[in-house]
Amino acid sequence: MGARAGRAATWIAIFCIAIFARFARADGMDDLSAFVKTAKSGRADFTQVVTSPPRPGQAARSKTSSGTFEFLRPNRFRFVYAKPYQQTIVADGQTLWLYDVDLNQVTARKQAQVLASTPAALIAAAPDLAALKADFQLQDAPDRDGLQWVVATPKVEGGPLHSVSVGFRANAGGSELAQLDIVDSFGQHSVLTFSRLEVNARLPADAFVFKPPAGADVVRE
């Protein structure tokens, strides 16, 4: 009876913590809804591992990159890839900029045309869950790797994105964004793992302003 009572007390405590946690741990959908609603800005470090589909007779090939990520909801974010190659991606609310340092080339696209059904929309662009549901089919997925997951599938078929799984990790405050698991329409698999996430961080006023460097080749699409 003592062991049973002890286990019962433990589960009651866990239940109470879950009720009062900042992000309730009911399921991945609850985590995603709370994150979109509560996280108006943020910054984090990230590591990205991209694995290409194996060619006949060859093993799959992977490459790893790392950098920093910032966002300000809605529709503004910045990815800065530092290793192994320098690249910057900025969404300023109107234009999506991609700057390749080695090529000294900037590609500019109208943000409204390319952002809706992208991984960035899931974590940084959409103002609320209803906006996400307009572009994605969302559903809970089984826990794995110690994370709770939501799978997002674009409603518009034929685009470059096949699916995105968003993983949340339990912490002292309830849960935090931990990982994106992305599969594109070509079978390429990308995993972004976030660390040192600061939610509602104060960001510089010019964090999402991009000006093409002098001498850079600017391509507008």
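The values are calculated or read from the model by the stated rules, or taken from the named source; none is laboratory data. These numbers come from a predicted model, not from an experiment. Glycine also receives a Cβ, built like all others from the backbone with ideal geometry; neighbour counts cover every protein chain displayed.
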Where Ala124 falls short, out of the listed (1) of a type outside the set (Ser, Thr, Tyr); (2) under 11 Å from the mean Cα position of the chain (by Cα); (3) surrounded by fewer than 18 Cβ atoms within 10 Å (Cβ to Cβ): (3)
Number of the condition not met by Ile123 [criteria: (1) within 19 Å of Leu32 (Cα to Cα); (2) part of a strand (DSSP E or B)]: (2)
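Take Ala59 and decide whether it is without any contact (Cβ under 8 Å) to a residue 40 or more places away in the chain, surrounded by fewer than 16 Cβ atoms within 10 Å (Cβ to Cβ) and over 19 Å from the mean Cα position of the chain (by Cα). Quick ask: steps written out before the conclusion?
On the way: without any contact (Cβ under 8 Å) to a residue 40 or more places away in the chain: yes; surrounded by fewer than 16 Cβ atoms within 10 Å (Cβ to Cβ): yes; over 19 Å from the mean Cα position of the chain (by Cα): yes.
The answer is yes for Ala59.
Would you mention how many residues in the stretch 96-107 are surrounded by fewer than 19 Cβ atoms within 10 Å (Cβ to Cβ) and touching a residue at least 60 places away in the same chain (Cβ under 8 Å)? Walk me through it before giving the result.
Let us first name the residues in the stretch 96-107 that are surrounded by fewer than 19 Cβ atoms within 10 Å (Cβ to Cβ), namely 98, 100-105, 107.
Next cut, touching a residue at least 60 places away in the same chain (Cβ under 8 Å) only: 103-105, 107.
Number of matching residues: 4.
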Residues of the stretch 26-56 classified as farther than 17 Å from Leu122 by Cα, β-branched (Val, Ile, Thr) and within 15 Å of the chain's Cα centre (by Cα), total: 3
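Can you tell me which residue among Leu138, Leu132 is over 21 Å from Phe210 (Cα atoms) and either assigned to a helix (DSSP H, G or I) or modelled with pLDDT under 85 (or both)?
Numbers: Leu138 fails: either assigned to a helix (DSSP H, G or I) or modelled with pLDDT under 85 (or both).
Unique residue meeting the criteria: Leu132.
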Residue in the stretch 161-175 that is farthest from Ser41 (Cα to Cα), counting only those that are surrounded by 21 or more Cβ atoms within 10 Å (Cβ to Cβ) and of a type outside the set (Gly, Ala, Ser): Val164
Breaking point among (1) at pLDDT 90 or above; (2) outside any strand (DSSP E or B); (3) touching a Lys or Arg at 6+ places or on another chain (Cβ under 7 Å), for Arg202: (3)
